[in-house]
Structure formats: structure tokens, C-alpha cells
Amino acid sequence: MEKNRKERIFLDPLIRNNPITVQILGICSALAVTVKLQSAVVMALSLTFVVALSNVIVSLLRKTIPNRIRIIVQLVVVAFLVIVVDQFLKAYVFDISKQLSVFVGLIITNCIVMGRLEAFAMSNSPRRSFIDGLANGLGYGFILIVVAFFRELLGSGTIWNYQVVPQAFYDAGYMNNGLMIMPPMALIAVGLIVWIQRARQQKKEEGK
């Protein structure tokens, strides 16, 4: 029974209750950082680190935090972890850090992070809270990576900044789709994923 509960905690945010496609959380950063695959991967890892570790810390402190200041404590924990991530990125991947701009700092206000702290970490053990945070971060990251893969491929002809569309295609008249690297296309791509997932879920429920 306990094993099944842990599996459900981990798998649910990845598929059936994905933070972006089902809960419609974290949309702003999903639209802003998916022009390049590198940026999307770094953003996904950053948020996963913050949400998983903040879940653990808040879960450890949950019985000692006065109810009236719990949101303030949660914000302090998240802000500290975001500062650690931001400084790490500036030290080791400065170019990507510049591309992500303010969106790393805005993890502090990301609804996924604060939502998991309030809805899960405040009432569950550190182990289960870590699994929940990790799963929600990975669910968020999966959507970012899928969207970024197609936007970079079709919009720039590259993957991870490596040219993958043969030069012969360009010589024959092929042109990159400039629309793919514009913000509206990110919204359309996320919308298509939402539509596909919800259609599949509805079909599955009707087949029961």
C-alpha cells in the first residue's frame, strides 16, 4: 500500500496531474525560456532543485512553524534556495544565466513551488515531500523540454545550439520558421499539449 502511494505521488505530476498541462501553473516561465533547449533544461533543473529541497526543508520545520507566519517562512526558504541557484548559474553557466534573465529569480513566486509547500509539504513527511517536489519539478521540466525541442529545431534548425538541419536543405530553399521562436508559438505549443493530454484522459475515462 505504501509503495503504491509513493508511486502515485511520483507519477501523478508527471502524467495525470502535470503542473503545466493540468494545473496550468508556471505558464509564464514555460513560454519565456523555451526558445532554446539549453535554457529550458537549465530552468527545469533549477525549479526541480528548488521545489524538491524546499519541500523537504518546510516538511522538517512544519511542526515548529506558527500558522500565522507559515507563508513568510516558506518564502524565506524558497528565496534562499533561489539565490543559491542563481549564484551557481552565474558562476558556471553565465551565458545561459543571462538568457534566463529574471526568470530564475521569479521561481520565488512560481505557483508550483508555493503550491506544493502549502498543499503537500506542510502535512507530509520529508521523504514523501521530496518525492512530490521532485515529481512536480520533472513534470514541469518535461513540458519545457518538449516545447523547447520543437521550437529550436523548427525555428533555428539547431538542437542544443548544434546545427542539425543539413546545409543542403537551405541550399534547396528551406527556411527556418521564424514564428516558432516568437512568444505566441510557445503558447500555441503548450495549448496543443494540453489539448492532446486532456483528450487522451477523457477518452481513457470514457473507456472505463
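Figures for the structure shown
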quantity	calculated
Net dipole in debye of the chain [+1 Lys, Arg Cβ; -1 Asp, Glu Cβ; about Cα centre; nearest 20]	860 debye
In Hz, Karplus ³J(HN,Hα) per residue of the stretch 22-27 (6.51, -1.76, 1.60; θ = phi - 60°; x = Gly, Pro)	10, 7, 6, 10, x, 5
Dipole axis of the stretch 2-206 (+1 Lys, Arg; -1 Asp, Glu on Cβ), positive-most option in L89, I20, M175	I20
Trypsin sites (Lys or Arg not before Pro) within the stretch 61-133: DSSP coil, no more than 15 neighbouring Cβ in 10 Å	K63
Pair E118, W195: separation of 7 Å Cα→Cβ label points (nm)	3.2 nm
Given (1) 1.24; (2) 1.13; (3) 1.00, the label whose value is Cα Rg over 2.2 N^0.38 Å derived from this model	(2)
Amide proton proximity set for I159, modelled H, under 5 Å, gap of 5+	V164
Modelled label reach - N17, point 7 Å along Cα→Cβ, the stretch 107-129 residues with backbone N closer than 16 Å	112-125, 128-129
Helix-derived mean residue ellipticity, 222 nm - over the chain, DSSP H n ≥ 4, -39500 (n - 2.57), to 500	-22000 deg cm²/dmol
Gained length - I71 relative to Y162, 0.36 nm times residue gap less alpha-carbon distance	28.4 nm
Protection proxy ranking of 99-111, 187-199, 157-169 - average other beta-carbon atoms within 10 Å, highest first	99-111, 187-199, 157-169
Per-residue Cβ neighbour rank within 10 angstrom, fewest leading, L134, L154	L154, L134
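Read-outs throughout are calculated quantities, based only on the coordinates presented, and are distinct from any laboratory measurement. Predicted model, so just to flag it, every value in this text is computed and none were measured. All Cβ positions, even for glycine, are placed from backbone atoms using ideal geometry, and neighbour counts span all protein chains on display.
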